[in-house]
Amino acid sequence: MNIDKKILSDENRLKIKVLNNPNVERIVEEYVNLCKPAKVSVITDSFPDIGYIRQQSLDLGEEKRLAMPGHTVHFDSFYDQGRDKKNTCLLVTPDMKVSKIIDVKDREEGLKEVYGIMDGIMKDKECFVRFFCLGPLNSRFSIAALQITDSAYVSHSEDLLYRVGYEYFKALKGSDDFFYLVHSAGQLDEKNNTKNIKDRRIFIDVLGKRVMTVNNQYAGNSVGLKKLALRLAIHKANKEDWLTEHMFIMGIKPENKGRVTYFTGAFPSACGKTSTAMVPGQQIVGDDIAYIRHGDDGKAYAVNIEQGIFGIIEDVNPIDDPVIYEALTTPRELIFSNVLVKDDKPYWLGMGQVLPEEGYNFSGAWKKDKKDDKGNEILLAHKNARYTIRLSELKNVDPKLYDPEGVPISGIIYGGRDSDTSVPVYQSFDWAHGMFIGASLESETTAATIGAVGVRELSPMANLDFLVVPLGTYLGNHLKFGERLSSKPLVFSTNYFLKENGKFLNEKVDKKVWLMWMEGRVHGEYSAIETPIGHVPKYEDIAKLFIQIFGKKYTREDYDRQFSIRVEKFLEKLARVEKAYSEEENIPAEFYASMEMLRNRLIAAKEKAGKTVIPPGEFA
Ligand code: SPV
Ligand code: MN
């Protein structure tokens, strides 16, 4: 490798040499010589190497120790508190087909631009070279990933979130069958925050199986293995007939039935995905990204490509998220980000206790009523403040997290932030209608991405932000994937956010009832009402579940208010979806067939009932 010995020591050089992989050598050489760090550290799977990263996160000031053993805190820059959609784009060549809804840039131009920014970007900094495995080791699902970063925090986060893969790279036997992710937080200010935020770029180059991301720190932008590798995997899956999804994986375990039924669920960011997977009494496999493949038995199998959670901390409290709350308040290795710190203790919004009126947060020293330059109030902690933790630290981790075969999927859930249209839970008529439900998923934007919140947007399969293939290709692949399964997962829709007169119609914990109903449906334990939108639960079944689970009375009025079919609202939604898809090409015919079927059923129901809000009982 043509890298100066002062920068790459013999010891570090040897760690690369023994991988026997000319592709790795070429990539490391290229980016080290471009980014010009003062020093390169190559990190293997060894305990001392990983301990070194943990220590560097502290020594470099990217993390600070908190009072509780193992806990640290990291702050991202004030302007880098969510995924930066504006500066994220897919690099395309003139012959590449993509959707209008995907942000693209000419590949040649983009590479020139980002190489320009990367030239010398690691000046005086240390560069970490890391090897990971996306998915369990020794699994047909898994993909190797090489990470180059100058952030010890990014590297430390990846140790919590991913499986180490130095040994896995040796098994590649020199092939280039891996993704690579190059990151630099850029030059930092006295608060250890990116100085050149205006030069923030996240360029996805599927042709080179790589992502270059610079001048950022927020994990959704910087941690290559998370949302950046997700995009590369979507590209790969769509060429190879499997699925890469923005989905949790969980085992649902009804009481006294002696069984675990695995579900996946796609929810846009900050819409209850993690908290669903963490419902007390259930088992979590993963909360964010699933690879799904066909099994020999005709079922779909899924693995979590991660082994940790980068979760939203707001509203994690002993009532709503008891398992996570306990994990976050006891000694173990974990990283808080963008919370408030006072006397070396972390605080966040909705934690269920009296909060301090001053402390230190992502804006620096903070006092209640502090305002930003524009006069807007700066909250105690950012609404997208997070925690990073290994799943193995949680009591409810599923024993199959590391199973190379994955888990068999019996149900798929789609859920968005919808205040006025859909019911809390229903089931699709069939796989194609399920695809339509996923493809027409809408949600109101949240603090997980930079920009306005509360704007209703289409997000097919909650994966729109990460799509790098035409929407028609993606949906077609999804449809075909299911058609080939002899035992198809049932497909459901949930909505936790239904409101009336500005108030939520459900408690957060109600989702456990919906989960149990869906699980029961898989086992043929509940019949349902066929309504124009799909199969809706019967009042008696839901009322019984409320009693069983919470000892709580669930009235027929509650049911009618929550489960009535809002015909006009659904028709409006179909019109929005149709418009959003009108500029897309090659959308599967089944999508439009489902849309027409729904529209006709809704209109017929309205005419028959003579009203636009119809209680489900009227369809029974
Ligand atoms: C999400 O926003 O969907 C997340 C967090 O899971 S991020 O890493 O920012 O993508
Ligand atoms: Mn996510």
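The values are calculated or read from the model by the stated rules, or taken from the named source; none is laboratory data. Keep in mind the model is a prediction, meaning the values are calculated, not measured. With ideal geometry, Cβ positions are generated from the backbone for all residues, glycine too; neighbour counts draw on all protein chains shown. For the accessible areas, the whole protein counts, side chains as well, though only heavy atoms, and no ligand, DNA or RNA atoms are used. Shrake-Rupley method; radii C 1.70, N 1.55, O 1.52, S 1.80 Å.
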Point to revise | Where chymotrypsin sites (Phe, Trp or Tyr not before Pro) fall in DSSP loop in segment 411-508, at most 12 other Cβ within 10 Å | key: none
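What is the calculated FRET efficiency for Ala604 to Glu326, with r their C-beta to C-beta distance and R₀ = 56 Å, to the nearest 0.05? If you can, show how the numbers build up before the last one.
Numbers: r = 51 Å, r/R0 = 0.91.
Efficiency computed from Cβ-Cβ geometry: 0.65.
For Lys198 and Asn138 in one chain, what is 0.36 nm times their gap in residues minus the Cα-Cα distance, to one decimal in nm?
On the way: separation 60, 0.36 × 60 = 21.60 nm, distance 4.16 nm.
Length gained between Lys198 and Asn138: 17.4 nm.
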Check your understanding: Along its principal axes, what span do the Cα atoms of segment 447-563 show, with the longest given first and each in whole Å?
Key -> 47, 43, 25
Study note, to complete from the structure: Summing -39500 (n - 2.57) over every DSSP H run of at least 4 residues in the chain and dividing by its residue count gives a helix-only mean residue ellipticity at 222 nm, to the nearest 500 deg cm²/dmol, of -8500 deg cm²/dmol
Practice item. Mind checking which of Ser419, Trp242, Ser337 is farthest towards the positive end of the chain's charge dipole, using Cβ charges of +1 (Lys, Arg) and -1 (Asp, Glu) about the Cα centre? Key: Ser419
Review point. With every protein chain in place, what's the accessible area of Val223 (1.4 Å probe, Å², nearest 10)?
Key: 0 Å²
Exercise for review: Report, to the nearest 10°, how far helix 229-240 tilts away from the longest principal axis of the Cα atoms in the chain, using its own Cα long axis and a range of 0 to 90°.
Suggested key: 60 degrees
Practice item. Compute the separation of the alpha-carbon centres of segment 565-611 and segment 434-455 and state it in Å as a whole number. Key: 18 Å
Check your understanding: Percent antiparallel among DSSP beta bridges with both residues in the chain, to the nearest 5?
Key -> 65 percent
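Chymotrypsin sites (Phe, Trp or Tyr not before Pro) within segment 276-333: which are DSSP loop residues with at most 12 other Cβ atoms inside 10 Å? Don't skip to the end; give the middle numbers.
On the way: sites: Tyr291, Tyr301, Phe310, Tyr325; in loops: none.
Here no loop site has a sparse enough neighbourhood.
Taking 0.36 nm per residue of sequence separation and subtracting the Cα-Cα distance, how much length would be gained by fully extending the chain between Leu485 and Asp343, in nm to one decimal?
On the way: separation 142, 0.36 × 142 = 51.12 nm, distance 5.53 nm.
That pair, Leu485 and Asp343, stretches by 45.6 nm at full extension.
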Practice item. List, in order, the whole-Hz ³J(HN,Hα) value for each residue of segment 573-587 obtained from phi through the Karplus relation with A = 6.51, B = -1.76, C = 1.60 and θ = phi - 60°; use x for Gly and Pro. Key: 4, 4, 5, 5, 5, 4, 5, 4, 8, 4, 9, 8, 10, 6, 6
Revision key, fill the gap. Using a 1.4 Å probe on heavy atoms of the protein chains only, the accessible area for Leu111 in Å², nearest 10, reads 20 Å²
Point to revise | the chain: angle of helix 471-483 to the longest principal axis, Cα-based, in degrees nearest 10 | key: 60 degrees
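From the C-alpha coordinates alone, can you work out the Kirkwood hydrodynamic radius of segment 124-222, in Å?
Details: mean 1/r = 0.0701 Å⁻¹.
Averaging 1/r across every pair of different Cα atoms and inverting gives 14.3 Å.
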Exercise for review: Determine how large the accessible area of Ser582 is when every protein chain is in place; take a 1.4 Å probe and give Å² rounded to the nearest 10.
Suggested key: 80 Å²
Practice item. Rounded to the nearest Å, what's the spacing between the alpha carbon centres of segment 355-382 and segment 284-339? Just the number, please. Key: 29 Å
Revision key, fill the gap. Measuring from the longest principal axis of the C-alpha atoms of the chain, the long axis of helix 47-59 (C-alpha) lies at a number of degrees, nearest 10, equal to 90 degrees
Check your understanding: Do the alpha carbons of any pairs in Lys503/Lys579; Lys15/Lys39; Lys86/Lys370; Lys226/Lys345; Lys64/Lys367 sit beyond 25 Å of each other, and which pairs?
Key -> Lys503/Lys579; Lys86/Lys370; Lys226/Lys345
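How much of the pair distance distribution for segment 311-393 lies past 16 Å, counting alpha-carbon pairs only, in percent?
51 percent
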**Study point:** Longest site-free stretch - the chain; sites: GluC sites (Glu not before Pro), DSSP loop, at most 10 other Cβ within 10 Å
**Key:** 256-582
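Express the accessible area of the chain per residue in Å², computed with a 1.4 Å probe while the remaining protein chains stay in the model. It would help to have the intermediate numbers written out before the result.
Numbers: 23880 Å² over 620 residues.
So the chain comes to 39 Å² accessible per residue, rounded to a whole number.
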Point to revise | Radius of gyration, Dmax [the chain; alpha carbons; angstrom] | key: 24.3, 81
**Study point:** Interchain or long-range residues, amide H under 5 Å from Asp287's placed H
**Key:** Ile249
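In whole percent, and with a 1.4 Å probe on the protein chains, what portion of the accessible area of the chain is carbon and sulfur? Present the calculation step by step, with values, prior to reporting the outcome.
Values: 12060 of 23880 Å².
So the carbon and sulfur contribution to the accessible surface is 50 percent.
So what's segment 579-620 giving for Rg/Rh, alpha carbon basis, Kirkwood Rh from the mean inverse pair distance?
Details: Rg = 14.0 Å, Rh = 12.2 Å.
Rg divided by Rh gives 1.15.
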